[in-house]
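Beneath this line is the structure, given in structure tokens, with notes to follow.
The values are calculated or read from the model by the stated rules, or taken from the named source; none is laboratory data. None of these values were measured; they are calculated from a predicted model. Because the Cβ atoms are built from the backbone with ideal geometry, glycine has one as well, and the counts that use them run over all protein chains shown. Calculation scope for accessible area: heavy atoms of the full protein, side chains included, ligands and nucleic acids excluded. Shrake-Rupley method; radii C 1.70, N 1.55, O 1.52, S 1.80 Å.
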There are 2 protein chains.
Amino acid sequence: MQSFTEENYLKVIYHLAEKTNNVQTNAIAEQIQTKPASVTDMIKKLAEKELVDYIKYQGVTLTDKGRHAAVDIVRKHRLWEVFLVDKLNFKWDEVHDVAEELEHIKSVNLIERLDEFLGFPKSDPHGDPIPDKNGRFTKTQFIKLIELKIGDSGTITGVSQHSSAFLKHLEKLGLTLGKQIKISDVTDFDGSVEILIEEKQINISREVAKHILISNNGKN
Amino acid sequence: MQSFTEENYLKVIYHLAEKTNNVQTNAIAEQIQTKPASVTDMIKKLAEKELVDYIKYQGVTLTDKGRHAAVDIVRKHRLWEVFLVDKLNFKWDEVHDVAEELEHIKSVNLIERLDEFLGFPKSDPHGDPIPDKNGRFTKTQFIKLIELKIGDSGTITGVSQHSSAFLKHLEKLGLTLGKQIKISDVTDFDGSVEILIEEKQINISREVAKHILISNNGKN
DNA sequence: AAAATTTTTTAGATTTACCTAAAAATAAAA
DNA sequence: TTTTATTTTTAGGTAAATCTAAAAAATTTT
């Protein structure tokens, strides 16, 4: 059984490992909002417990055991997010911090019944997949909106940024999950993207376009 | 803002204060499952924060601030219990430990929306009253079943023991909240009580009878 | 390949919530 | 009212997770 803190480290390492193979001390420190020295201490502890493989100065990778524990926390986090949005009417930009706390409640029974109560959802309010109780899930094939060309179309199925500010912005623009979009133009000047959504033309910055994930896209 | 541990101390002191005015160090230690020396340490910290009034060797009492914080935790605990039973189909004997964790989630918003989602319940699965968001609640007028005389009747509206073993036992006997009972006999030998419930005669031990709370009772 | 920079680790402290053992205060019994 | 027992506190220590400052390793730049 892991402590609250250990669980947070595992989760952060898991997410960072989606980008790079060996996860660096500094990257973890930044995510956990702590100092690199503290991370080194904790890494040693996790290595001791065989949750990560660790070679000094080389960063860490999760062991099977560690990954399993991490996926379990991700599952809880995402199920709680669904609960908050579907049942308690939270907005998608309001759920993260609360789910961050709820994910550490330890009760297998609780999470299985919650899953059932929610109708075994496959994805959370941000489009991220929810692992089943065996830790299995299929990651949907995404492409970043920024990578689409003029004339391409598709469906908004995810976001790669969960900050409240970003999500509120999308909400205001009507760029929510499930919406159909089509690229009508890309501005030379600032790389901003002109898109057609529900018969309306809107312009979004490059920065925003980078973090919107599209599936079902039809090439022009 | 209080720590997880501080919250537990406040809650325990609050419950112990329902019986005695000045709550003793040893009593707290027993509840928290810790040593009296540790309790003294924590008491000093709580006194420092003006959550309790403390005179050395004289035990503690909650300040208004401390009581407010404690009632808030009790409110959360009981609301989560309702959630677990009403929505996730937990049995009344399964909810305590999980609610013990959930009660420490810090989000005013969460608890207000949960309250609404549950339909602003007035009592939890064990019949205990749920404080409203201002900490107000009315304690129902209870009498212990053991105190009833032959011929007296009433409705089961609460229990004064929350152990899983006790609650499971009641469940098996059909002694659940809302049930109408009538005392048909009291055994001289062991003080056990014969009661009439749903046209059936059953015998319950003195120990059990002590922890069943009856309201609406009609004297013979 | 040496110098400079960045990243990571070590060493030694701090804080929180605990502990044990012994001393001090209070309460109960003789 | 002493003596005895119980309760509570103090003193000093431990483990978990953090910190700062400085040393060591790795990487990048020149």
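Quick notes on this one:
- Condition check for A:I105: within 18 Å of A:H162 (Cβ to Cβ), of a type in the set (A, V, I, L, M), more than 12 Å from DNA strand C (Cβ to nearest atom) and not assigned by TED's automatic domain parsing to the domain that holds A:S164: no
- So A:S3, is it away from DNA strand C (no atom under 12 Å from the Cβ), open to solvent by 40 Å² or more (accessible area, probe 1.4 Å) and not β-branched (V, I, T): yes
- Selection of the range B:28-67 for residues being within 22 Å of the chain's Cα centre (by Cα), free of Cβ contacts under 8 Å to residues at least 24 places away in the same chain and either part of a loop (DSSP other than H, G, I, E, B) or away from DNA strand C (no atom under 11 Å from the Cβ) (or both) yields B:E30, B:Q31, B:Q33, B:T34, B:T63, B:D64, B:K65.
- Number of the exception - B:G174 against (1) without any contact (Cβ under 8 Å) to a residue 60 or more places away in the chain; (2) open to solvent by 80 Å² or more (accessible area, probe 1.4 Å): (2)
- Checking B:E94 against (1) within 16 Å of DNA strand C (Cβ to nearest atom); (2) within 28 Å of A:V108 (Cβ to Cβ); (3) surrounded by 17 or more Cβ atoms within 10 Å (Cβ to Cβ), the condition it does not meet: (1)
- Checklist (1) modelled with pLDDT of 95 or more; (2) within 14 Å of another protein chain (Cβ to nearest Cβ) applied to B:D72, failing item: (2)
- Here A:N216 meets each of (1) buried (at least 17 other Cβ atoms within 10 Å of the Cβ); (2) in contact with a Gly (Cβ under 6 Å, 6 or more places away or on another chain); (3) not β-branched (V, I, T) with one exception, condition (1).
- Selection of first residues in the range A:129-148 that are more than 18 Å from A:Y14 (Cβ to Cβ) and of second residues that are among the β-branched types (V, I, T) and modelled with pLDDT of 95 or more, restricted to Cβ pairs under 6 Å at least 6 apart or on distinct chains, gives the following pairs, ordered by first then second residue: A:I143/A:I214; A:L145/A:I212; A:L145/A:I214; A:L148/A:I183.
- Sole residue being of a type in the set (A, V, I, L, M) and surrounded by fewer than 20 Cβ atoms within 10 Å (Cβ to Cβ), chosen from B:L102, B:L88: B:L88
Per-residue answers, yes or no, for (1) outside the structural domain of B:N203 (by TED's automatic domain parsing); (2) out of contact with any strand residue (DSSP E or B) (no Cβ under 7 Å at 6 or more places or on another chain); (3) farther than 16 Å from B:A209 by Cβ:
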{"residue": "B:R136", "(1), (2), (3)": "yes, yes, yes"}
{"residue": "B:K149", "(1), (2), (3)": "no, no, no"}
{"residue": "B:T157", "(1), (2), (3)": "no, no, no"}
{"residue": "B:H162", "(1), (2), (3)": "no, yes, yes"}
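- Considering the conditions (1) in contact with a strand residue (DSSP E or B) (Cβ under 7 Å, 6 or more places away or on another chain); (2) open to solvent by 10 Å² or more (accessible area, probe 1.4 Å); (3) in contact (Cβ under 8 Å) with a residue 40 or more places away in the chain, B:I13 is excluded by exactly one of them, (2).
- Scanning the range B:75-95 for residues that are more than 8 Å from chain A (Cβ to nearest Cβ), basic (K, R) and more than 14 Å from the chain's Cα centre (by Cα) turns up just one, B:K91.
- Residue satisfying all of: in the range A:25-39; open to solvent by 60 Å² or more (accessible area, probe 1.4 Å) and more than 10 Å from DNA strand D (Cβ to nearest atom); nearest to the other protein chains (Cβ to nearest Cβ) among these: A:Q31
- Taken across the range A:190-207, residues that are within 27 Å of B:A99 (Cα to Cα) and open to solvent by 70 Å² or more (accessible area, probe 1.4 Å) do not occur at all.
- Restricting the range B:68-85 to residues that are without any contact (Cβ under 8 Å) to a residue 60 or more places away in the chain and open to solvent by 10 Å² or more (accessible area, probe 1.4 Å), the residue that is farthest from DNA strand C (Cβ to nearest atom) is B:V85.
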